[in-house]
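First the structure, in the form of structure tokens, and then the observations on it.
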Amino acid sequence: MTMDCLPYEILVKIFDHLGVSDLLIASRVCWVWYEATSVHIAEKTTVMITDDAGPALELLSKSSRTHHHWVFKELDIPSCGSLLQYWEKVAVHVHSLNLFNIESSNQDMVDLLKNCTELKQLGLTGFGHYLLMTGTLLSNPEDVTLLSKTLLNVTHLHLACSRYLTDAIFSRMIAAVGKLRKLSLAGCQVSFQKAIYKRFYPEDGRVKASDHVLTFQHILTYITENASHIKEISLGRTSIDSESLYNLSVVPNLTLESVHLMSCDQLTKSGVQLLCENQKNITDLDLSLSSRLTDHAVIAVCRHLSKLKSLNLRRCQGITEHGIRELSQLKCLESLDISHLISVTSESLEHALGKEQRPLLRWLNLGSLGLNWQTVVSIVEQSPNLQHLDLSLCTHGVVDKCVQTISKSLPHLKYLNLNGCALTTDIGYAGHSLGQSLDVNSDTLGIGGLSLEGLGLKVKGLQELNLCGCVRVTDLTLIHALHLRELKYLNLSHCPQIGEAGLIMMAKQCPSLEVLLLVEVGNTTDGAILAIAHHLKRIKTLDLQRCVLLTNDALDSLGSGCPGLHYLDVSGCTNMTLEEVFRLQQRLPRLVNLHHRGITTAAQGGNSDDEWEEDLECVGDKELKRKKKIKKKMKTPPPPPPLPFSKLKKHLSIE
């Protein structure tokens, strides 16, 4: 049976295993596939509307596909007259809506939310100063009543970084939504001092909810009244102290599963200990960037939270080897971030993670730790199901043996960050293939008894790879190791020994690449860019900063072969000209982020004044207009155009 004969339900199940890029390609095959992929595209993609909403709305209005997840960012809703009209048609399908730094009137906000009957997650981040400062948001009780009937399904409320949020506005917001499972007030100016609460709440009880301040006591009252269904709380980047955290932890009938307290500088070991003693069902705990936490806090976590699955201790500099050793007690860990802890030793980390098998561990960040290579090898061998591994800036602990162990032991790996691991070489990444191609053994390669396993041999599902700053990596790695057909993100920045041959082969062997970073890869040539444009049809982000050999020919290749390019940085590519950079922007309508610092107009000649005026009208770029005065001084003819794309292909014999 061929694919076109399969029932619709079977197609939907098959497409569930594809990523967004593959789904978009599959949706173009036929109408049946379009419908089958739309189910997953609606769930796996997020539509973002920014200040220039007109073109996006025009495009979306022509599509029959529904979208469940939306973001409005830095949008002035009153000035977007067509937005609310379009929103009335699609709001009923929306599952999550996040509003970042938008300006809106109270009525516009009500109109935006009143039809979102299926909304489950609502986020208001950095909300408009006008509504909050004046206290007019949902000030009409009829609006609260209307929205309370519409937003019954909202279980996640995110009110982060809202500087002017008050108790009164908070009360109206929670009255307008359903029974919350998750409440986030990260970055809000919450007052935890009892003296401030007494100042704004007289003892006579005449003030129910203050219009001037957001107090923890008022928030705690809501949590107490709704303790049975609140499971997740985020109070990161607030001044919460140990006493307040204790009061939260002892709320009757409150059983928390997730607590995020990142960057809480007033939090001490006693607060964490009391939290762990009273809330033993926590499975997700984030204490990152909390500077006053010490080993005692980690010990309390490990002894009381036996069900913990996710733990983040990033940059908690008070934690030493004594606390890290206790992590061995957490048998259910699936995600662990202990990066940037300057007092952690290899011995303590090996005791915590390298002594016994951890089949549940999927996500591990050990960035910037002072490890030795033996510890890295032990941890990798004991964590066979890792999908995310970050060893960035472990400058002395990651060597070729570590890379080979990763290749051999982590078949499910999807993300690997080796940024700054300058001791790794081609032998680690492409050892086996390198040995075969050069007809030499491991002794000849200078690695003694190490096996010659290559990175690209077994980690076939790798999707993101960061080799930034791996200065010993050469074209041999790209030619012999990067046979990664699912790779979407590749960072080769600051790898000076990589050149045209390796980049051309990489482009052929990694067809799914969407993001490619080549900052200061000085041997990148026009031929390499031609190969990238020819083979990488999904490329969206390309960073070519200070690739000094590139010329206008590279721009022509990108204009002809990369219609989906969204982001391009050619800053410091001094052999390019500003005229050709802006012509590329004209050719690629999706290229919304174009950076060209250090690129000037042609050294000899330029367009006539009349032609330059036409360019201004076509491109409409502010910086191009700024260059107008410079161009008027140039009267000689413009330089000849670069070779056509077809001729460049023939010249470099790209298949």
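The values are calculated or read from the model by the stated rules, or taken from the named source; none is laboratory data. Since the structure is predicted, the reported quantities are computational estimates derived from the model, not experimental observations. Here Cβ is always computed from backbone atoms with ideal geometry, including for glycine, and neighbour counts include all displayed protein chains. Remember, those area values only see protein heavy atoms, side chains included, never the ligands or the DNA or RNA. Shrake-Rupley method; radii C 1.70, N 1.55, O 1.52, S 1.80 Å.
Only one of (1) farther than 18 Å from I233 by Cβ; (2) open to solvent by 50 Å² or more (accessible area, probe 1.4 Å); (3) not hydrophobic (A, V, I, L, M, F, W, C) is not met by T294, so which one is it?
Only one criterion is unmet by T294, namely (2).
Given the options I324, I338, name the one that is within 22 Å of the chain's Cα centre (by Cα) and within 23 Å of C276 (Cα to Cα).
From the options I324, I338, the qualifying one is I338.
Within the range 29-49, can you find the residues that are among the hydrophobic types (A, V, I, L, M, F, W, C), open to solvent by 50 Å² or more (accessible area, probe 1.4 Å) and farther than 21 Å from P589 by Cα?
The answer is V29, C30, W31, V32, V39.
Please count how many residues of the range 551-605 are closer than 20 Å to L503 by Cα and among the acidic types (D, E).
3
Is it the case that I539 is in a loop (DSSP other than H, G, I, E, B), touching a helix residue (DSSP H, G or I) at 6+ places or on another chain (Cβ under 8 Å), within 25 Å of Y429 (Cβ to Cβ) and open to solvent by less than 10 Å² (accessible area, probe 1.4 Å)?
In short, yes.
Among the helices (runs of 4 or more DSSP H) contained in the range 145-259, which hold 2 or more residues that are open to solvent by 10 Å² or more (accessible area, probe 1.4 Å) and over 30 Å from R292 (Cα atoms)?
Hits in the range 145-259: 167-176.
Listed residues L99, L60, L84; which is more than 30 Å from T134 (Cα to Cα) and among the hydrophobic types (A, V, I, L, M, F, W, C)?
Being more than 30 Å from T134 (Cα to Cα) and among the hydrophobic types (A, V, I, L, M, F, W, C) holds for just one of L99, L60, L84, which is L60.
Could you identify the single residue in K89, K120 that is of a type in the set (K, R) and touching a residue at least 24 places away in the same chain (Cβ under 8 Å)? Please lay out each step first, then the result.
Working: K89 fails: touching a residue at least 24 places away in the same chain (Cβ under 8 Å).
None of the other options fit; the residue is K120.
Could you grab me the full set of residues in the range 62-75 that are open to solvent by less than 70 Å² (accessible area, probe 1.4 Å) and not aliphatic (A, V, I, L, M)?
Scanning the range 62-75 gives S63, R65, T66, H67, H68, H69, W70, F72.
Return the residue satisfying two criteria in turn: it lies in the range 95-117 and is touching a Lys or Arg at 6+ places or on another chain (Cβ under 9 Å) and of a type in the set (A, V, I, L, M, F, W, C), and of such residues it is surrounded by the fewest Cβ atoms within 10 Å (Cβ to Cβ).
F100
Under the condition of being out of contact with any strand residue (DSSP E or B) (no Cβ under 9 Å at 6 or more places or on another chain) and modelled with pLDDT under 80, which residue from the range 118-142 is most open to solvent (accessible area, probe 1.4 Å)?
Top of the filtered list is M133.
Being open to solvent by less than 60 Å² (accessible area, probe 1.4 Å) and in contact with a Phe, Trp or Tyr (Cβ under 7 Å, 6 or more places away or on another chain) narrows it down to one of S335, S348, S310, so name that one.
None of the others qualify; the one that does is S335.
Among G420, G397, which is over 22 Å from L293 (Cβ atoms), open to solvent by less than 30 Å² (accessible area, probe 1.4 Å), modelled with pLDDT under 95 and part of a loop (DSSP other than H, G, I, E, B)?
G397
Restricting the search to the range 110-148, which residues are touching a helix residue (DSSP H, G or I) at 6+ places or on another chain (Cβ under 7 Å) and within 19 Å of C188 (Cβ to Cβ)?
The answer is L131, L132, G135, T136, L137, L138.
With respect to Q585, determine if the residue is touching a strand residue (DSSP E or B) at 6+ places or on another chain (Cβ under 7 Å), at pLDDT 50 or above and assigned to a helix (DSSP H, G or I).
yes
Being within 15 Å of S409 (Cα to Cα) and either among the small types (G, A, S) or out of contact with any strand residue (DSSP E or B) (no Cβ under 9 Å at 6 or more places or on another chain) (or both) is the filter here; which residues of the range 360-372 pass it?
Listed by number, the list holds a single entry, L360.
Of the numbered conditions (1) open to solvent by 40 Å² or more (accessible area, probe 1.4 Å); (2) farther than 29 Å from D22 by Cα; (3) acidic (D, E), D52 satisfies every one except a single condition; which is it?
Here D52 meets the rest and fails (2).
Going by the conditions given, is L59 free of Cβ contacts under 8 Å to residues at least 40 places away in the same chain and open to solvent by less than 40 Å² (accessible area, probe 1.4 Å)?
No, not satisfied.
Select, from D143, D204, D211, the only residue that is among the acidic types (D, E), closer than 28 Å to H69 by Cβ and out of contact with any His (no Cβ under 8 Å at 6 or more places or on another chain).
D143 is the lone residue from the list that is among the acidic types (D, E), closer than 28 Å to H69 by Cβ and out of contact with any His (no Cβ under 8 Å at 6 or more places or on another chain).
Can you name every residue in the range 500-522 that is assigned to a loop (DSSP other than H, G, I, E, B), within 14 Å of R546 (Cα to Cα) and modelled with pLDDT of 95 or more?
L518, V519, E520, V521 - these are the residues of the range 500-522 that are assigned to a loop (DSSP other than H, G, I, E, B), within 14 Å of R546 (Cα to Cα) and modelled with pLDDT of 95 or more.
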